[in-house]
Amino acid sequence: MSRSMDLWPFDRAGGAGGAGDGAPGDSDDANGAPAAGDGGAGYEGVEDRDPLAMLQAELEVARGSEARLRDQLQRLAAEFDNFRKRSARDVDAISRARTEALASDLLDVLDNFERGLAAQSDGGDAFKTGMELVYRRLKEILERHGVREIDPAGEEFDPNLHEAIHAEKRQGVPPNRILHVAQKGYAIADRLLRPARVSVSR
């Protein structure tokens, strides 16, 4: 009975020691296993990525970008077409407005012509006065709309502005000089409406 009691503490200690020796090992395994598992999983995730899947993902991104660019181009094309149509309408409206303004002003000239023709039967200078009134009024209207007269008497002949209808040699006049203006020319801004018809020296 006494021997059994003497051995009991040793056995307990031994048992305790055995349990103590095993516990740290279990704890280390428990703490270490997840770390090893985590490291292994991360490494394998990088190595195991499928190149084909990566290319497919990049292709999908590229297709999405292409679709967006195509949509932007279509929108720009539609906006440009609308702008072109609006510009054409604006130009047409401006042209009509100018034509209407000119026609409205010319109505006053017609009125003056009618007055001059009506005065012709009276005799004297009434008809001449009426025609001069019409002429001055018409010139004022044309000038207001940007029309300028080309009357090149005595100037050097310019084929861009003049049309030669006759040529003659004249004493003391150098060649290529305008001797006579048969019909005046007209231009609006920088555009020639009608060349002046002239006689030139040779």
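Values quoted throughout were computed directly from the atomic coordinates according to the rules given, and no laboratory measurement underlies them. All of these numbers come straight from a predicted model, not from anything done at the bench. Cβ coordinates were reconstructed from backbone atoms using ideal geometry, including for glycine residues, and neighbour counts include every protein chain displayed.
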**Request:** Starting from region 74-180, pick out the trypsin sites (Lys or Arg not before Pro) whose DSSP state is loop and whose Cβ has at most 10 other Cβ atoms within 10 Å.
**Result:** LYS169
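Grab the alpha carbons of region 149-202, take their convex hull, and tell me the volume per residue in Å³. Display every interim value, and only then the final one.
Details: hull volume 3.2 nm³, N = 54.
Once divided by residue count, the hull of region 149-202 is 60 Å³.
When the Kirkwood radius is taken over all Cα pairs of region 81-202, what Stokes-Einstein diffusion coefficient follows at 25 °C and 0.890 mPa s, in µm²/s?
Details: Rh = 17.6 Å.
Estimated via Stokes-Einstein, D reaches 139 µm²/s.
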